[in-house]
Amino acid sequence: DDTPKLPANYLQTKRPSTGSIGAVLLREPAVSRVFMFLQDSDSSNAAWFYATGMNYCVALSIAFTIWQAGDQPVVSLHTEGLIQIVVESILLVELLVHWLSSSEKRAFWKSSYNLVDLLAVLPLVVRSIFGVAPPTRLENAVAHFTLYCFVPVVRQLKLIRKFQKLRLLMHVISTTLDALKLLLFLVCLICNFFGCLLFITEPVQSQSLPFAIYLSTVTVTTVGTCDLAPTTWPGKIIAGVLCIISVLFMAMPLSVIGNAMSQAWSDRHRILLVIQARRRLKMLGYSAADMPRVFKRFDRDGNGELDLGEFCALVAAMRVGMKPSEASELFVAFDADGDGAINEMEFMKALFPLDYRRLYRRSSGMTFGA
């Protein structure tokens, strides 16, 4: 365990309070109900029905756009343009209401979800320039491809909000990124080395060094080219060795990602619950700087730990919209050592891992690097 041990009086002396505890707990949420309605589909039944209905409407608009780009469109270009303008106008109104109801106007655009929402309404600019009826490919290729290729893709990206388990994939990527960087470097080295060998031994087939590296790359990825093959014996030997190395090597990144995904999926409930709690705290305006004072306030017996009752009281007081059953599950997720209590470091490490490193590890003299 790399968690540093702190002095007994650390909780009382490490971070003097700079604000009122009551102001932290009793303040109004930093976002309005309208913002929560649009931001979190689990905030109410009405929000869930609205989000579900909008998702189905967006999905239907994607299918409609693709169908209209076929050989037999279902409606005329003018009617199609009117329908698309109505859809994008609704998306624009939703985006404006969402932005105006947020407390942090600049921070609003830091969310990738909100940037996708902005991209989804940009085709309105193209329609305002070229008119209601979409231009054909011969009339204006750029506008045509924007309205028929860009629109369905960006609208489908809007549906990512619905698939919260996609966060598991991001979690897997973040945990395996260091290993993937090394494996990607080795793949590039193999492609470069064997590409140079093929360029030397196959002057006819390898028209240039970049083309030889391309042949090496498609061989490593097991894609291959059916119309090209080595003609000399040295080239055939090199290609055979490359095929064997490729089969052995490409199994490593797949196994790394597969193993990480399997572990994340088996622990998906805890991971998603922690992500949800962190997201709701940030939406309501709570920061890592608030947590130590809040934690100390609800540590009623002063032992530096929260039991289940104290933790549920903290969650209820912060009004993050979490059910008692979810608060109990979150308590189990935070209790890393399983002793039936959560100390401040476990609390901060689970909710704000970056701030945990900054506040705790630096204060204990631990540094990162070599």
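Pop out the carbon and sulfur fraction of the accessible area of region 32-97 as a percent, whole number, probe 1.4 Å. Write down the numbers at each step before the final one.
Details: 2800 of 3960 Å².
The nonpolar share, carbon plus sulfur, comes to 71 percent.
Modelling each spin label as a point 7 Å along the Cα-to-Cβ direction, I'd like the Leu186/Leu92 distance in nm, to one decimal.
5.3 nm
Among Lys105/Lys162; Lys110/Lys349; Lys105/Lys296; Lys110/Lys296, which pairs are too far apart, with a Cα-Cα distance over 28 Å? List each step's numbers first, then the result.
Details: Lys105/Lys162 23 Å; Lys110/Lys349 23 Å; Lys105/Lys296 31 Å; Lys110/Lys296 31 Å.
The answer is Lys105/Lys296; Lys110/Lys296.
Give me the Debye-computed log₁₀ of I(q)/I(0) at q = 0.16, 0.23, 0.27 Å⁻¹ for region 113-196, equal point scatterers on Cα only, no solvent, two decimals.
Per q value, in the given order, log10 I(q)/I(0) is -0.78, -1.02, -1.22.
Calculate the all-directions average of the projected area of region 169-260's alpha-carbon convex hull, and give it in nm².
On the way: hull surface 24.7 nm².
Taking the Cα atoms of region 169-260, their convex hull projects to 6.2 nm² on average.
Under 14 Å between alpha carbons, and skipping anything fewer than 8 positions from Lys236 in its own chain: which aspartates and glutamates qualify?
Glu202
Which whole-Hz ³J(HN,Hα) couplings does region 171-186 yield from phi under the Karplus relation 6.51 cos²θ - 1.76 cosθ + 1.60, θ = phi - 60°, glycine and proline marked x?
Values per residue, Gly and Pro as x: 5, 5, 4, 5, 7, 10, 4, 4, 5, 5, 4, 5, 5, 5, 4, 5 Hz.
The values are calculated or read from the model by the stated rules, or taken from the named source; none is laboratory data. Because the structure is predicted, anything quoted here is derived from the model rather than measured. Cβ coordinates were reconstructed from backbone atoms using ideal geometry, including for glycine residues, and neighbour counts include every protein chain displayed. Heavy atoms of the whole protein, side chains included, go into the accessibility calculation; ligands, DNA and RNA do not. Shrake-Rupley method; radii C 1.70, N 1.55, O 1.52, S 1.80 Å.
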